[in-house]
Amino acid sequence: MAELDLILLHAPSVYDFRKEFLFYGPVSDLVPSTGVFEMYPFGFMTMATALHAQGYKVRIINLASMMLNDKGLDVERLISKLRSKVFGIDLHWLPHAHGALEVAKLVRKLHPEAKILFGGYSSTYFHEELVRYPQVDLVLRGDSTEVPVVELMSALSHGSDLGKVQNLTWKNDNGVHVNPQSYTPTDLDHLDVDYGWMVRSVIRHHDLEGFKPFKDWDRYPLTVAFTVRGCTVQCAVCGGSCSAMKGFLGRSRPAFRSPEKVAQDVRDIQNYLKAPTFVVGDLRQGGKSYPERFFRACRELGVDNPVILELFTPAPEELFHMASSSLPSYSIEFSPDSHDEAVRRALGRNFDTASMERSIQSALKHHARRFDLFFMIGLPQQTRESALASADYARRLYDLVDEDRRLFVYTSPLAPFLDPGSVAYENAERLGYIVKARTLEEHRARLLSPSWKYVLSYETNWMTRDEIAETSYDAADVLNQARFDCHQISEDELEANLCRTRAAREMMRRIDEVVAVQNLEERQERLAALKAEAEALMDSTICKKGDLEWESKSVVRSAPRAFIGLMKGRRSK
């Protein structure tokens with residue numbers, strides 16, 4: 001195999017999850033990936049494009065997805081066959097703290113001469129602790145590393161001074177060095193994603209499996225287009241909120257991609273795939289004219305792929321009218337997090353319930369294909385009763401829209417860890433959080449806990465960890481009953497959902513009993529006996545994961561479109 005300049009590896013949450021006993025529970029029910037969190041960050045694409053444009057040879061390998069789809073995959077043998085000067089591993093989301101570091105250990109063992117590079121939000125927050133692990137050489141900090149990674153690869157190629165690479169934390173025999181975090185772009189129009197390179201990369205390496213963003217992406221491709229890096233909103237539990245961006249990512253204000261460029265991104269995707277595109281970031285963050293310009297550009301470019309739009313706050317009817325007039329198919333995702341205005345205020349979501357309800361009605365009136373609404377459990381000021389009331393509030397919403405089946409309501413526990421840099425993490429006591437993990441190593445160790453309940457890094461003044469877990473299952477039952485009563489699901493579906501939460505709750509309690517066993521050998525034996533049963537409950541614990549899927553052609557069915565797009569791309573060069 002020819003040597004590459006950089007191979008980007010995405011690790012599973014825990015390595016090796018196939019051998020460990022892990023009951024993931026519902027923490028990944030509301031994302032496309034599984035509890036292994038096999039979806040790699042979009043930054044892989046933009047970094048690869050930036051490096052490819054400068055002549056560097058780059059490859060993306062999603063180890064997590066490959067391990068899920070091939071239970072017998074020999075990861076060590078796979079990595080041993082790779083040849084690269086640098087291996088990049090993302091630690092963007094903290095749930096990868098174990099897998100990312102363990103995969104880095106394997107790379108160090110099998111390729112001791114190669115440099116090992118980390119990046120992402122969590123890498124940035126914990127950069128000085130992270131670089132002290134023996135298997136880590138370099139950490140690129142910040143939310144935009146496309147220019148610094150080119151600088152780094154150039155410095156490594158020419159033996160230049162690493163001290164001049166922006167945003168880099170590195171070590172040598174003289175210790176740890178922290179370069180200034182001086183690169184934070186003020187707009188994103190310089191960023192491009194070469195979709196033709198992606199198609200050619202899959203063909204060149206005969207490896208769709210390793211390139212897939214998540215396990216079932218070939219069956220159900222979902223694509224993304226980014227409007228912004230940074231945020232104007234201050235959600236207390238979000239590590240990407242405006243204060244978190246300012247606090248450790250060096251971003252004092254959001255950087256936007258022009259709406260015309262975003263529309264072109266959506267159109268470029270359409271050249272290769274007939275698949276939904278999720279437009280990341282509320283369009284209105286870019287100013288009053290931003291949505292209008294985006295929709296006008298989509299109309300002029302002839303966008304016909306389904307588009308998913310994100311709302312951070314309730315939107316006026318005019319927004320949905322523009323979407324309906326410009327896009328053949330659009331959907332909405334909105335996370336009010338709680339029906340309770342007091343909880344929302346404590347969370348930093350300062351809008352009233354009436355305006356939220358009007359937004360749902362307006363979107364459906366203006367032909368939204370679907371409207372997804374998400375409630376969370378484990379929030380500041382949120383009691384068990386409030387969380388259950390959010391689930392039951394679905395009845396009110398279905399009544400408002402005459403039981404329209406385009407409305408989907410979901411509930412789930414907050415992610416297993418509080419986001420470092422968030423207000424809840426940095427000012428936990430003020431918000432009523434009790435934080436149980438502060439260092440990277442503490443988070444890494446928690447991921448090996450046998451049940452998702454023990455992985456949780458927080459409790460609140462209103463709910464203990466046990467109560468958060470139990471309430472998550474209770475809320476799921478309340479919501480499923482409401483969906484049945486409002487004719488959203490059949491009696492068979494209701495019973496299947498209730499049976500699944502009963503089984504998951506019972507599994508959690510059985511694990512509690514095993515954890516209480518003092519004899520380590522007996523404890524391991526009893527956990528091993530539960531492994532197959534627990535794995536069967538890994539996906540769709542408290543909601544049916546398939547409900548999250550938008551109508552989409554498989555990658556195979558999009559192959560002719562990809563080929564045509566590839567030919568057009570070559571002719572345009």
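The values are calculated or read from the model by the stated rules, or taken from the named source; none is laboratory data. The structure presented is a predicted model; accordingly, all values stated were derived computationally and were not measured. Note that each Cβ is placed from the backbone with ideal geometry, even for glycine, and that neighbours are counted across all protein chains shown.
Inspection of the stretch 112-119 identifies no residue that is free of Cβ contacts under 8 Å to residues at least 60 places away in the same chain, surrounded by fewer than 19 Cβ atoms within 10 Å (Cβ to Cβ) and closer than 30 Å to VAL27 by Cα. ASP216 fulfils the conditions (1) among the charged types (D, E, K, R); (2) under 18 Å from the mean Cα position of the chain (by Cα); (3) not in a loop (DSSP other than H, G, I, E, B) except for a single criterion, (3). Taken as a whole, the stretch 161-171 holds at least one residue that is among the aliphatic types (A, V, I, L, M), crowded, with 17+ Cβ neighbours inside 10 Å and under 19 Å from ALA100 (Cβ atoms). Would you confirm whether or not the stretch 476-494 contains a residue that is assigned to a loop (DSSP other than H, G, I, E, B), more than 30 Å from ARG132 (Cβ to Cβ) and polar (S, T, N, Q)? Yes, some residue in the stretch 476-494 is assigned to a loop (DSSP other than H, G, I, E, B), more than 30 Å from ARG132 (Cβ to Cβ) and polar (S, T, N, Q). Checking each residue in the stretch 36-78 for being farther than 22 Å from HIS92 by Cα and small (Gly, Ala, Ser) picks out ALA53, GLY55, GLY72. The condition of being in contact (Cβ under 8 Å) with a residue 24 or more places away in the chain, surrounded by fewer than 22 Cβ atoms within 10 Å (Cβ to Cβ) and on the phi > 0 side of the Ramachandran plot holds for only one of GLY421, GLY432, that being GLY432.
Across the stretch 220-237, which residue is modelled with the lowest pLDDT among those that are assigned to a loop (DSSP other than H, G, I, E, B) and surrounded by fewer than 22 Cβ atoms within 10 Å (Cβ to Cβ)? Looking at the filtered set, the residue picked out is TYR220. If you go through the stretch 271-286 and keep only what is modelled with pLDDT under 95, polar (S, T, N, Q) and either surrounded by fewer than 22 Cβ atoms within 10 Å (Cβ to Cβ) or in a loop (DSSP other than H, G, I, E, B) (or both), you end up with just ASN271.
Criterion first (within 24 Å of the chain's Cα centre (by Cα), hydrophobic (A, V, I, L, M, F, W, C) and modelled with pLDDT of 95 or more) does VAL165 satisfy it?
No; evaluated as a whole, the condition is false for this residue.
Scanning the stretch 299-343 for residues that are farther than 20 Å from ARG358 by Cβ and of a type in the set (Gly, Ala, Ser), we see that the one that is surrounded by the fewest Cβ atoms within 10 Å (Cβ to Cβ) is GLY302. Mind checking whether some residue in the stretch 442-457 is surrounded by fewer than 20 Cβ atoms within 10 Å (Cβ to Cβ), of a type in the set (Lys, Arg), assigned by TED's automatic domain parsing to the domain that holds VAL237 and within 21 Å of PHE21 (Cα to Cα)? No, because not a single residue in the stretch 442-457 is surrounded by fewer than 20 Cβ atoms within 10 Å (Cβ to Cβ), of a type in the set (Lys, Arg), assigned by TED's automatic domain parsing to the domain that holds VAL237 and within 21 Å of PHE21 (Cα to Cα).
When restricted to residues that are touching a Pro at 6+ places or on another chain (Cβ under 7 Å) and surrounded by 23 or more Cβ atoms within 10 Å (Cβ to Cβ), the stretch 238-270 contains 1.
For the condition touching a Phe, Trp or Tyr at 6+ places or on another chain (Cβ under 8 Å), among the basic types (Lys, Arg) and under 19 Å from LEU22 (Cβ atoms), ARG483 does not qualify. Count of the stretch 77-88 residues, restricted to those that are more than 18 Å from VAL136 (Cβ to Cβ) and in contact with a Leu (Cβ under 6 Å, 6 or more places away or on another chain), is 1.
Mind listing whichever residues of the stretch 258-270 are in a helix (DSSP H, G or I) and either more than 18 Å from LEU319 (Cβ to Cβ) or acidic (Asp, Glu) (or both)?
Those that are in a helix (DSSP H, G or I) and either more than 18 Å from LEU319 (Cβ to Cβ) or acidic (Asp, Glu) (or both): GLU260, LYS261, GLN264, ASP265, ARG267, ASP268, ILE269, GLN270.
Give the residue that is modelled with the lowest pLDDT, with candidates limited to residues of the stretch 509-535 that are of a type in the set (A, V, I, L, M) and exposed (fewer than 14 other Cβ atoms within 10 Å of the Cβ). Checked the stretch 509-535; the qualifying residue modelled with the lowest pLDDT is ALA532. Of the helices (runs of 4 or more DSSP H) lying entirely inside the stretch 99-172, those containing at least 3 residues that are assigned by TED's automatic domain parsing to the domain that holds ALA11 and touching a Gly at 6+ places or on another chain (Cβ under 9 Å) are 121-125, 146-158. Being under 25 Å from GLY421 (Cβ atoms), without any contact (Cβ under 8 Å) to a residue 24 or more places away in the chain and in a helix (DSSP H, G or I): is that true of GLU442 here? Here the answer is yes, as GLU442 does meet what is asked. Yes or no: ILE60 under 17 Å from SER123 (Cβ atoms), crowded, with 24+ Cβ neighbours inside 10 Å and either touching a Ser or Thr at 6+ places or on another chain (Cβ under 8 Å) or β-branched (Val, Ile, Thr) (or both)? In short, no. Taking the stated definitions as given, is ASP512 in contact (Cβ under 8 Å) with a residue 60 or more places away in the chain and charged (D, E, K, R)? Criteria met by ASP512. In this entry, LYS85 is excluded by the filter for residues that are without any contact (Cβ under 8 Å) to a residue 40 or more places away in the chain and basic (Lys, Arg).
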